[in-house]
Structure formats: C-alpha cells, structure tokens
1. What do you reckon, how do L90, L35 stack up by accessible area (1.4 Å probe), largest on top?
2. Got the relative contact order for the chain handy, in percent, Cα pairs under 8 Å and 6 or more residues apart?
3. Loop-only check: which chymotrypsin sites (Phe, Trp or Tyr not before Pro) in the chain are DSSP coil with at most 15 other Cβ within 10 angstrom?
4. So how do V44, V79 rank on accessible area, 1.4 Å probe, biggest first, that is with the largest at the start?
5. Pop out the ³J(HN,Hα) list for region 64-78 in order, Karplus 6.51 cos²θ - 1.76 cosθ + 1.60 with θ = phi - 60°, rounded to Hz; leave Gly and Pro as x.
6. Indicate, rounded to the nearest 5 percent, the antiparallel portion of the DSSP beta bridges found entirely in the chain.
7. Please give the per residue accessible area of the chain, computed with a probe of 1.4 Å over protein heavy atoms only, in Å².
8. Helix-only mean residue ellipticity at 222 nm, the chain, DSSP H runs n ≥ 4 weighted -39,500 (n - 2.57), per residue, nearest 500. What is it?
Amino acid sequence: MTREEDNSTVVFVGYPNWWGDMPMILYSFLENADLSGKRVIPFVTHGGSGFSGTVETIAKLQPRAAVDRNGISISRNDVQDCAPDVSEWLKNLK
C-alpha cells in the first residue's frame with residue numbers, strides 16, 4: 001500500500017481456525033463480498049494450527065484482492081496476553 005492510499009482500502013479479516021479451516025460464515029462472506037482492489041489482512045486465533053491453508057483460501061475466494069501474507073496468528077494459550085504482540089504487529093503494517 002502506498003502512502004497515497006487511504007485506510008478505506010484495507011479490510012481486516014479475523015476468524016478462529018477450527019480444525020484447520022475457517023468457519024463457514026467466513027466462506028459465505030468471502031464468496032459474496034467484492035473486495036477487488038482492497039488490501040485484505042487476515043488474523044486468526046487457533047488451538048495449534050496457525051493459519052493452516054486459510055490465507056491461500058482467502059486469496060482463492062478473492063482473486064482480485066491483495067491478500068496480505070503477513071497476518072498475525074495467535075494461539076488460544078496466548079490470547080489473554082497478546083496485546084503487546086498485536087500492537088507491535090499493527091505498528092509494523094505498512
């Protein structure tokens with residue numbers, strides 16, 4: 001994203017990773033939304049799977065969006081204490 005672009009071109013997509021996949025409601029959203037030309041930044045909570053293949057799935061469902069591969073993945077064991085990590089991740093986004 002260049003400095004000239006405004007924040008309205010960025011869409012944060014957050015979801016839990018359930019058994020290595022996104023919840024079905026997210027599939028419904030991504031199949032029906034038009035995120036063309038938008039920067040999509042995923043973030044996920046999980047029980048040990050990380051993103052699995054979900055970032056690639058988002059890119060497949062939204063081929064005209066710029067899906068960021070540097071989202072944040074937070075283990076369920078770290079959720080309570082993740083605020084500093086999330087803040088640092090957000091600061092480092094361009």
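1. Numbers: L90 85, L35 10 Å².
The residues order as L90, L35, largest area first.
2. Working: 129 pairs, mean separation 26.7, N = 94.
So the answer I get is 28 percent.
3. Details: sites: F12, W18, W19, Y27, F29, F43, F51, W89; in loops: W19, F51.
Filter output for the chain: W19.
4. On the way: V44 5, V79 65 Å².
I get V79, V44, largest accessible area first.
5. 9, 9, 9, 8, 6, 8, 10, x, 10, 10, 10, 5, 4, 6, 10
6. Values: 1 of 14 bridges.
Antiparallel bridges: around 5 percent, rounded to the nearest 5.
7. 67 Å²
8. On the way: 3 runs with 27 residues, N = 94.
After summing the helix terms and dividing by residue count, I get -8000 deg cm²/dmol.
The values are calculated or read from the model by the stated rules, or taken from the named source; none is laboratory data. It should be emphasised that the depicted structure is a prediction, and the values quoted were computed from it without experimental measurement. Heads up, the Cβs are rebuilt from the backbone with ideal geometry, glycines too, and the neighbour counts pull from every protein chain shown. Calculation scope for accessible area: heavy atoms of the full protein, side chains included, ligands and nucleic acids excluded. Shrake-Rupley method; radii C 1.70, N 1.55, O 1.52, S 1.80 Å.
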